[in-house]
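Encoded as structure tokens, the structure appears first; notes follow it.
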Amino acid sequence: MSTATPPTDPFTPYPDGGDTRYQSWPFIFGALSLVVAVFGMCMQAFAIAGIFANSAMMGLAGIEASPPPDVVVWTGGVQSIILCLLGILLGVGATMLLLRKPLGAKLVLAWAVARLVMVVVGIGLAVLTIKPQSEWAVTLTSEIRESMRSKGVKEDQLPPLVDEKKAQADAMRNIAIFSVAFSVWPFVMAWVLTRPRSKADVASWAAASQPGAQVLSMPE
């Protein structure tokens, strides 16, 4: 005599843990995005202080130095302010993603697109201002050397002189490195949020938020 097979419980976890793996991405990528947002805002805040208060900061160190060129101040300052605002957008979106709110996915995706646009804008502005930045670096190094020399610092302990051509070459290398680095996480989040399974999950959050709705997540 055959034994009847009991019906499958729809709430029983999948044997391979697929349902757990499927649901873990909002926490993992939401938490990492929140860390990126906080770190980025702190970094941009320091950049703004360094740009607009450079002379004051050098004065605290007892060094009289020429301020950076206006074009460097305003292009760098405006970029940093925009990036701070984008950091706030990412922070809010990441927090909502942790809570599995559909709007969180939209905000983080909007941040990813805007951040990649800012990378391109940053490359363009950096290339356009590379000459005045290099000239200022040469002038600043000379002023620091003279200030240290006047205080009795030995010649072999002074910072090395900066060559303008080398400064431009170093700046171009740094532009390439930082552009790649700043593009990584936006690309990651754009990929994560546009995957079919992520879209389906976000849709299930929206449906579950409707009164009386009951939505079951499906494994990939």
Segment 51-143: radius of gyration over Cα atoms, expressed as a fraction of 2.2 N^0.38 Å: 1.46
Label-point gap, in nm, between GLN168 and GLU155 - each point 7 angstrom along Cα→Cβ: 3.0 nm
Extension gain (nm, one decimal) between VAL117 and VAL188, 0.36 nm per residue minus Cα-Cα: 24.1 nm
Relative intensity, log₁₀ I(q)/I(0), of segment 23-204 from a Debye sum that treats every alpha carbon as a point, q = 0.11 Å⁻¹: -0.60
Proximal lysines to LYS166, defined as alpha-carbon separation beneath 17 angstrom and excluding residues fewer than eight positions away on the same chain: LYS131
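Each value in this text was obtained by applying a stated rule to the coordinates, not by laboratory testing. Owing to the predicted nature of the structure, the values given are computational and were not obtained by experimental measurement. So basically every Cβ, Gly included, is an ideal-geometry build from the backbone, and we count neighbours across all protein chains shown.
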